[in-house]
Every structure is written in structure tokens, then in C-alpha cells.
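Engineer: Dumping the structure here so I can ask a few things about it.
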Amino acid sequence: MKTKGGITMYGVMALLLIAIHYLLDLSVFDPWDQYLPFAKKLTISLFLIAIIYLISKIIAKIIDTQTNSEGDRYNLLRIVRFLAMVFSLIVVASFLFQNLYAAVVSFGLISLVIGFALQAPITSFIAWIYLIFRRSYLVGDRIQIKDFRGDVVEISYLDTSIMECSGDYLGNDRKSGRVIRFPNSLILREEIINYTGPEAPFIWNEIAIQVAYTSDLKFVEECLLQAAIRDFKESYPQLANQKYVKWDAAVHFRISKYAWIEGVVAYPVEPKDTTARRNRILKYALPLLNEAPDKVKFPEGALR
């Protein structure tokens, strides 16, 4: 249900319930006097629950309009829904018991019994609270935990769902189409790799091209840098004019085990753009290198 519709619905419900509560005082209901205390208590309890959810919908509306980060918005909405559920359960418990103190005590005893029976889910719920405050990852982040790697699509109270990248059938960072769900408790005992942390928009990747020792290494370096810089300007125009040395591509050379030299261009890339950016750089770099066969010698023969 949309937030606006929810606000209207719970507002109308609250008004109707409080009206019914006071209408029960009319003399017309005197023949049912023995049932009136129960009915009045029921209407006031339902009224409080409607008010709780009305407030939660209003807060959710504010969060939707004032929060820019998708991950933060998702977490805040989860917290609001959880608190609304908790307060509603307290109202229900107070309705079932004579007073709030008895309700709280009974609720505590029931929670203790359930705690022993449901240790694993409770651990996952505690891990969810840890995620909310520690912000190890948010919805939309690309993460890796154990052998699972993918984009976070949902963080529920008990588990996390990610859209898998790579996987058993792919050799690149493309989405495999499979959804992986793991219990939140896993984050309390395993390391988490977050490729899209809030402090830096990029991770570093590299492309290695084999060339002969007789190649003009200076020319090779210029071609690789030109390709990487061109693609950076075209792919990230909002960042291209910002002068950050840490985002500059760089080229270095290393000796290959097949007796060739590898020209390696290291470049920044958004985690979800790794495969596409590598392809674009190769499409820009290879024509430049092939245009100068006298300067660039590529591997030939069996050891290529």
C-alpha cells in the first residue's frame, strides 16, 4: 500500500474507532451493559493501534521525501515498521491482560521461553540491529561474504538477499540471475567485503596486454593511458573534471612467464561497471596499438 493511502486509511480508522468508543456511552446500549467494558476496551485498543500505524506512515512519508540514500531510506523504513509492530504488540498484550505491568511481565516470560527455542533466528535479528547501526552494507551495495558475491537487494529482519554476480556459470562480474539468501547471523562470524563503501566511489581494476621486449614501451604506455582516460571522461562525466590524483589511471610493466612483457593499465571503476569498462578500454586501446606495428610487437606463435 502506498504511504499516502495508508495515512488516509489509518486516519479514518482512528476517527471511526474513537467515535464508536464514545457512542457506546449512549443509553441505547444499556441493555448490553455487561458487554460494554469489553467493547470499549477493544475499541480503544484498536484506536491506539491505528494511531501507531498512522504515525508510522507519516514518518515513512517524511523519510521517503527527505532521505536521498536508497540504503539509508530502506533501513529507516525497516526500523519504523519494526517499532510500529512492537508498540502494537504491547497494546494487544495490555488488552489481553488486566494492566500494562502484567502484560510486560508476561511478554518478558514468553520472550525468554521463545529465546531458548529460537536461538538462530534471534541471533540473526540481533545481527540485523548490528547492520542498521554499523552500516556494514546497505541495499544497493555490492558485497562479498564467504563465497557469496552480489548486489544487496533486501535486508530483512532475519536474512539478507543478494543478486549474485559471477557464480558457477560466469567468468565475469555480470549478474547471474540467481538470488542468494543468507542469515544475517553470518556477518557476526565472517568477514564482509563491501565493494561500494561510502568513502570511495571506485575500486581498482587492471588490464594486462602482452607485448614483445622490442616494443616501444613509452608508446604502449601512452596508448593505454589515452584509452583509460577517454573512457573515464565518457563514462563518468560528473567526476572527470574533478582533480583527484587517486583516480588517475596508471601503467606499469611486468615480465610474463611466457618471455613477454605485460603492459598493465590500472584504473578506477565503479564496482558494477567492471566488465563493461574493461571492454571499452580494450576497444579504445587495441586500435591505437595496432596502428603502429613498428612500435608494438604482439605475441606470436604457440606461446601467445
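What follows is calculated from the coordinates using simple rules that are stated; it is not laboratory data. The shown structure was predicted, so the numbers you read here are calculated from the model rather than taken from an experiment.
Engineer: With the cut-off at 22 Å, tell me which of the pairs K246/K283; K175/K233; K233/K283 have Cα atoms farther apart than that.
Structural biologist: Working: K246/K283 24 Å; K175/K233 25 Å; K233/K283 15 Å.
Correct reply: K246/K283; K175/K233.
Engineer: In 5 Å bins starting at zero, report the fraction of Cα pairs in segment 203-290 per bin as a rounded %.
Structural biologist: Once binned at 5 Å, the Cα pair distances of segment 203-290 give 3, 14, 26, 24, 17, 10, 4, 1, 0.
Engineer: While we're looking at this one, here's another question. Quick one, what does Rg over Rh come out to for segment 134-194 if you take C-alpha atoms and the Kirkwood Rh? Intermediate results must be reported in sequence, preceding the final value.
Structural biologist: Details: Rg = 10.9 Å, Rh = 11.6 Å.
Rg/Rh for segment 134-194 comes to 0.94.
Engineer: In addition: Using only C-alpha atoms and all pairs of different ones, pull out the Kirkwood radius for segment 144-300 in Å with one decimal.
Structural biologist: The answer is 17.8 Å.
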